Amino acid sequence: MAGHLAGRAAIVTGGGRGIGRAIALRLAADGADVLVADQDGESAEAVAREVAALGRRGVGADVDVATTAGRRRLVAAAIEAFGRLHVLVNNAGIVRVHRPEAVTEEEWDEIMNVNCKAVFFACLAARPHLAGGGCIVNIASIAGKLATPWWAPYGVSKAGVISLTRSLAVAFAPDRIRVNCVCPGPVETAMWAQMNDEGAPRVGLPPGEFTRMRLQGTPLGRLGRAEDVAGVVSFLCSPDAGYMTGQALNVSGGLLFH
Ligand SMILES: NC(=O)c1ccc[n+]([C@@H]2O[C@H](COP(=O)([O-])OP(=O)(O)OC[C@H]3O[C@@H](n4cnc5c(N)ncnc54)[C@H](O)[C@@H]3O)[C@@H](O)[C@H]2O)c1
């Protein structure tokens, strides 16, 4: 549905690269002005320029979503730039590859903070501006539905994203705000490459082993592309998804069915 976000304004966190960048560009192609937020401010600015090249307003913001101040700035910057907000995409995330016995409390807290707590409080910060027909899309993962012995805290954080998505879908429904999440399978980004190249050997597996294992169970026979995820985010922000809220959609080439 081309142009379904014309006149709308969106925030994409972690928009400086990978899946977030693809989402920012897709929402811009759909007609939205986009605030590209990333803790790497330079990459946020670069993607904001790509948004502008598509004929929309693109604004880069150097924001760490894991801090209260950062989340406040996130929403304030969008309102300051666009005067309105219709879409929030909570995409920023981190992963650490370790066997459970090697996970430290610091690592646990860091992952929960960025992947789960930040998503919940960013939703709350954006709520007043989204009331009356806005939507939120959170990027979870199939890791939130599977056993993940090599990245257990990450899996817990993503299960938390699925759970908070359902809770906030109900809590925000009276304001006509839809809240959904997407659960990607393995997607070819820097994050996935790092998990394979550096992470797999750390847990005693050959480099590339995670890709081999995942592809074995993937009927469509390939890794995901960032654009595969962005297309589903676009759909969830469209009127075609107007009767969907609290959902956790797998985008995994058939690797997972529910
Ligand atoms: N790549 C995959 O295989 C895969 C699979 C399932 C889910 N996901 C999820 O998709 C999202 C994007 O993943 P990706 O593969 O594009 O990762 P990536 O590492 O390539 O990009 C993540 C971006 O988020 C930014 N970021 C990280 N922490 C931040 C913070 N505290 N504040 C602001 N920005 C921050 C990074 O600077 C980076 O630009 C993540 O939530 C990830 O968990 C990825």
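Observations, loosely collected:
- Relative contact order (percent, whole number), the chain, Cα cutoff 8 Å, 6+ residue spacing: 18
- Near-label residues of the range 132-160 by backbone N, under 17 Å of a point 7 Å along Cα→Cβ of Arg225: none
- Å² per residue, accessible surface of the range 49-120 at 1.4 Å: 51
- The chain - percent of accessible surface contributed by carbon and sulfur, probe 1.4 Å: 53
- Protection-proxy order for peptides 180-191, 207-218, each taking the mean of Cβ atoms within 10 Å per residue, highest first: 180-191, 207-218
- Extension gain (nm, one decimal) between Gln216 and Ala69, 0.36 nm per residue minus Cα-Cα: 48.6 nm
- Net +/- balance of residues flanking Ala169 in space, Cβ distance below 13 Å, scoring K and R +1, D and E -1: +3
- Seen against the Cα atoms of the chain and their longest principal axis, helix 41-53 is set at about 50 degrees.
- For the range 1-72, alpha-carbon Rg over 2.2 N^0.38 Å: 1.02
- The solvent-accessible area of Val114, taken with every protein chain present and a 1.4 Å probe, is close to 30 Å².
- Computed over protein heavy atoms with a 1.4 Å probe, the accessible surface of the range 142-185 works out to 33 Å² per residue.
- Global geometry of the range 20-179, whether rounded, prolate or oblate, following the gyration tensor of its Cα atoms and the 1.5 cut on a/c: prolate
The values are calculated or read from the model by the stated rules, or taken from the named source; none is laboratory data. What you see is a predicted model, and the numbers here were worked out from it, not measured in a lab. Every residue, glycine as well, gets a Cβ built from its backbone with ideal geometry; the counts of neighbours run over all protein chains shown. Calculation scope for accessible area: heavy atoms of the full protein, side chains included, ligands and nucleic acids excluded. Shrake-Rupley method; radii C 1.70, N 1.55, O 1.52, S 1.80 Å.
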